[in-house]
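The values are calculated or read from the model by the stated rules, or taken from the named source; none is laboratory data. What you are looking at is a predicted structure, and each value in this text was computed from that prediction instead of being measured. So basically every Cβ, Gly included, is an ideal-geometry build from the backbone, and we count neighbours across all protein chains shown. For the accessible areas, the whole protein counts, side chains as well, though only heavy atoms, and no ligand, DNA or RNA atoms are used. Shrake-Rupley method; radii C 1.70, N 1.55, O 1.52, S 1.80 Å.
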Amino acid sequence: PYHVYVSNGGSTHLSRFIIDDNTGALTAHEDVELGVHPVLSATDDGSRLYVCLRGDRKVLSLSIDRSSGALTRTGEAPLPGAPPYIKIDHSGRFLLAAYYVDAGVSVHAIGDDGNVGDHL
């Protein structure tokens, strides 16, 4: 099945849905409460999800179980600000974060374990 993770504007949780292969209909599954507004980016292969917790100025590294869609937290790293945008590069080796309040960007290496390190 295809799993969709949604960051809802103004909320403090991720919503998870499964897409029906035949109809495209979405079926809601349990929300994942995070406590602060999340910003999301996934690897191109869909094996990992990175969640920026803006209010906490950190990013969580999560593995995605391909069959169930369950998320497992594998690590976290501090961010130098509260970015409204994060993106994993196509190689899956770097997380890029953009900050408008701080007028800058940061680049974070992703280790072989899939966890984000301190900014470069």
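How about segment 47-62: which of its residues are farther than 14 Å from ARG73 by Cα and either of a type in the set (D, E, K, R) or under 11 Å from the mean Cα position of the chain (by Cα) (or both)?
To start, the set of residues in segment 47-62 that are farther than 14 Å from ARG73 by Cα comprises 54-57.
Listed by number, the residues that qualify are ARG54, ASP56, ARG57.
Enumerate the pairs (first residue in segment 19-33 and over 15 Å from PRO1 (Cβ atoms); second residue anywhere and in a loop (DSSP other than H, G, I, E, B)) with beta-carbon separation below 7 Å, excluding pairs fewer than 6 apart on the same chain, so at least 6 apart or on different chains.
Within 7 Å, the pairs are GLU33/THR12.
Please give the number of the condition GLY117 fails out of (1) out of contact with any Pro (no Cβ under 6 Å at 6 or more places or on another chain); (2) closer than 15 Å to VAL39 by Cα.
Of (1) out of contact with any Pro (no Cβ under 6 Å at 6 or more places or on another chain); (2) closer than 15 Å to VAL39 by Cα, only one is false for GLY117: (2).
Pick from LEU60, LEU49, LEU40: which is hydrophobic (A, V, I, L, M, F, W, C), surrounded by 14 or more Cβ atoms within 10 Å (Cβ to Cβ), free of Cβ contacts under 8 Å to residues at least 40 places away in the same chain and not in a loop (DSSP other than H, G, I, E, B)? If you could, list the steps in order and put the result at the bottom.
Values: LEU49 fails: free of Cβ contacts under 8 Å to residues at least 40 places away in the same chain; LEU40 fails: free of Cβ contacts under 8 Å to residues at least 40 places away in the same chain.
Selected residue: LEU60, the only one of LEU60, LEU49, LEU40 that is hydrophobic (A, V, I, L, M, F, W, C), surrounded by 14 or more Cβ atoms within 10 Å (Cβ to Cβ), free of Cβ contacts under 8 Å to residues at least 40 places away in the same chain and not in a loop (DSSP other than H, G, I, E, B).
(1) in a strand (DSSP E or B); (2) touching a helix residue (DSSP H, G or I) at 6+ places or on another chain (Cβ under 9 Å); (3) at pLDDT below 90: which one isn't true of ASP118, the others all being true?
(2)
State the number of residues belonging to segment 67-96 that are open to solvent by less than 20 Å² (accessible area, probe 1.4 Å) and in contact with a His (Cβ under 7 Å, 6 or more places away or on another chain).
Adding up the residues that qualify gives 3.
Just one of the numbered conditions (1) farther than 26 Å from ILE110 by Cβ; (2) surrounded by 11 or more Cβ atoms within 10 Å (Cβ to Cβ); (3) free of Cβ contacts under 8 Å to residues at least 40 places away in the same chain is not true of GLY9; which one?
Among (1) farther than 26 Å from ILE110 by Cβ; (2) surrounded by 11 or more Cβ atoms within 10 Å (Cβ to Cβ); (3) free of Cβ contacts under 8 Å to residues at least 40 places away in the same chain, GLY9 violates only (2).
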